[in-house]
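Quick notes on the structure that follows.
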Amino acid sequence: MDLKVILGPNGSGKSLYAEDLAVASGDSRLYIATMIPQNQENRQRIEKHRLQRRGKGFLTIEEPLCMSCIPVPGDSVVLLEDVSNLVANRIFGTHPGTYRPILEDILTLAGRCKTLIAVSISGMNADEYDGETAEYIRALNELNEQLISHASLALEMRDGVPAMLSIQ
């Protein structure tokens, strides 16, 4: 299993970096889009990402919940965009539930492909929020830490510059 985790706040360059890493990692590239668009801002973000990866050879699969359900070739490089949406889809979505199965789901996917590059938001503090939003941030931060512990590479992006995270 080759799991690479790319973290960073919104606008940090994590998605572009992950796309470039996927392009450099293999010829068979899948892009798993997890966002369920709820508003115009979401639709604009989706369109931005579509334009950004145009011509890079990705086959896009839209799946908001079940990563282990996606058929992937064993030689494929899979870009999962993104983990924070998976957590939000579970906590706030039409199929609410615990976020805990997401880790096993992602690790199952990683075990079925050549390389899985998982993108996620980092840098949020649950203490600044309450209710469901605080629950979401705590869940995301915990899941990010768990993914890092399974990763062969973990980076955090700041203003387009990657910084290596220590892996335990």
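Read-outs: derived from the displayed coordinates by stated rules, not from any lab. Treat the numbers as computed from the prediction; the structure is a model and nothing was measured. All Cβ positions, glycine included, derive from the backbone under ideal geometry; neighbour counts span all protein chains shown.
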### Task
Work out the length of the dipole vector of the range 1-62 about its Cα centre, built from +1 on the beta-carbon of each Lys and Arg and -1 on the beta-carbon of each Asp and Glu, and round it to the nearest 20 debye.
160
#### Entry: GNM flexibility winner over the chain from Ala24, Ala33, Ala154 (Cα, springs under 10 Å)
Ala24
#### Entry: Orphan Cys of the chain, criterion: no other Cys C-beta under 4.7 Å
Cys113
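May I ask you to compute the full-extension gain from Asp159 to Met1, defined as 0.36 nm times their residue separation minus their alpha-carbon distance, rounded to one decimal in nm? Walk me through the numbers on the way to the answer.
Numbers: separation 158, 0.36 × 158 = 56.88 nm, distance 2.91 nm.
Taking Asp159 through Met1 to full extension adds about 54.0 nm, to one decimal.
What shape does the range 122-168 take by its C-alpha gyration tensor, where a ≥ b ≥ c are the square roots of the eigenvalues and a/c under 1.5 counts as rounded, a/b above b/c as prolate, and the rest as oblate?
Values: a/c = 3.67, a/b = 1.63, b/c = 2.25.
Oblate.
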### On Cα atoms only, tilt of 14-25 relative to the major axis of the chain in degrees
30
### Among Asn125, Thr108, Ile167 the positive-end extreme of the charge dipole of the chain (Cβ point charges)
Thr108
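Can you show me the helix-derived [θ] at 222 nm for the chain, built from DSSP H runs with n ≥ 4 at -39,500 (n - 2.57) apiece and divided by the number of residues, rounded to the nearest 500.
Numbers: 5 runs with 67 residues, N = 168.
That calculation yields -12500 deg cm²/dmol at 222 nm.
Taking Rh as the Kirkwood radius, which is the inverse of the mean 1/r over Cα pairs, what is the Rg/Rh value for the range 72-127?
Values: Rg = 12.8 Å, Rh = 12.4 Å.
We get a ratio of 1.03 for the range 72-127.
Stick to the Cα atoms of the range 1-63, pair each with every other, and give me the Kirkwood hydrodynamic radius in Å at one decimal. The partial results should precede the final answer.
Numbers: mean 1/r = 0.0782 Å⁻¹.
After inverting the pairwise mean of 1/r, the radius is 12.8 Å.
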### Task
Only loop residues by DSSP count here, and only those with at most 12 other Cβ atoms within 10 Å; note down the trypsin sites (Lys or Arg not before Pro) in the range 14-87 that meet that.
Arg54
### Message
Can you tell me the orientation of helix 101-111 relative to the chain, as the angle in degrees between its alpha-carbon axis and the longest Cα principal axis, to the nearest 10?
### Response
10
### Cα gyration tensor shape of the chain, rounded if a/c is under 1.5, else prolate or oblate by comparing a/b with b/c
rounded
#### Entry: For the range 99-129 and the range 57-75, distance of Cα centres in Å
15
### Query
How much of the DSSP beta bridge set in the range 63-168 is antiparallel, as a percent to the nearest 5?
45
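Where nothing but the Cβ of Lys and Arg (+1) and of Asp and Glu (-1) is charged, how large is the charge dipole of the chain around its Cα centre, in debye to the nearest 20? Before the final figure, lay out the partial values.
Numbers: 16 positive and 22 negative charges, 118 e Å.
Here the size comes out at about 560 debye.
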### Message
What is the angle, in °, between the Cα long axis of helix 83-92 and the longest principal axis of the Cα atoms in the chain? Nearest 10 is fine, range 0 to 90.
### Response
40
